[in-house]
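The values are calculated or read from the model by the stated rules, or taken from the named source; none is laboratory data. Computed from a prediction, not measured in an experiment: that's the story for all the values here. Note that each Cβ is placed from the backbone with ideal geometry, even for glycine, and that neighbours are counted across all protein chains shown. Just the protein is used for accessible areas: all its heavy atoms, side chains included, with ligands, DNA and RNA removed. Shrake-Rupley method; radii C 1.70, N 1.55, O 1.52, S 1.80 Å.
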Amino acid sequence: MKLRGVLLDLDGTLVDHESAAAAGLRAWLPSLGLAPTDEAVARWSTLQEAHLAAWRAGRISFAEQRRRRLRDFLGTGGSDAELDEVFAGYLTHYEREWRAYDDVAGALATIAAAGLGTAVLTNGTRDQQRCKLAATGLGGRVGPIYTIDDLGVAKPHPDAFRRACARWGLAPGAVLSVGDDHALDVLGARAAGLRAAHLDRLGRGPAGEAHRIASLAELGGLLSSGGGRDRAV
Ligand SMILES: [Mg+2]
């Protein structure tokens, strides 16, 4: 089947969430009288993943995962309204740090030159991810955006990919998924019948992945590479 489109992940693929979260946290902590240490950044990241996972599984609301993250991080209580206000301070700093990776503009041009469409599939919320794309200059340049809010299911569930492709109007076999999380963006996509390539920006592996690129700048080579039954594209 002919390749028709590239389905891109957002955080860690188009926008550097990890750096934004770390920088945002470091800028915000002093306002709480806390030191912006490496340990604090690591703990925030761990708590973020744990509580986001509960939200993605549908067990708690998006607002509640933020409150739980904050309660665990600060070791304090507080009403929902109080916690929401404190979290808003972090959000201001986090959003200020949103940046698209340097290789995104070139990759979008390469995809367009190959005659392929683009869309975004993200395990984030509709509002925040649309704001993120707009703030980083990518809004309107990446095709349709599919979120958990839109699809009702999160990656790596194959239905997230199937529903995104159905809405996009493309057969799964005509779509290449590209993302930084191997389990979510590669294995999940393949389980739904898509082709997939792992964007391994930090060299974290797995090393055995045959279709691995270290930068979106390598996407052109991937798109123009030849045959083979298990080829990525
Ligand atoms: Mg990602």
> How about region 111-129: which of its residues are closer than 15 Å to Leu222 by Cβ, part of a helix (DSSP H, G or I) and not β-branched (Val, Ile, Thr)?
Replying inline: Ala113
> Among (1) open to solvent by less than 40 Å² (accessible area, probe 1.4 Å); (2) within 16 Å of the ligand (Cβ to nearest atom), where does Val175 come up short?
Replying inline: (2)
> If we keep just the residues of region 145-172 that are open to solvent by 20 Å² or more (accessible area, probe 1.4 Å), in a loop (DSSP other than H, G, I, E, B) and free of Cβ contacts under 8 Å to residues at least 40 places away in the same chain, which is nearest to Val233 (Cα to Cα)?
Replying inline: Gly169
> Which is at pLDDT 95 or above, open to solvent by less than 70 Å² (accessible area, probe 1.4 Å) and assigned to a loop (DSSP other than H, G, I, E, B), of Leu138, Leu108?
Replying inline: Leu138
>> Going through Arg4, Arg56, Arg99 one at a time, which residue ends up being within 16 Å of the ligand (Cβ to nearest atom), within 30 Å of Gly220 (Cβ to Cβ), of a type in the set (Lys, Arg) and open to solvent by 60 Å² or more (accessible area, probe 1.4 Å)?
In response: Arg99
>> Quick test for you: out of Leu202, Leu194, Leu216, Leu170, pick the one residue that is within 16 Å of the ligand (Cβ to nearest atom), farther than 26 Å from Ser19 by Cα and assigned by TED's automatic domain parsing to the domain that holds Gly117.
In response: Leu194
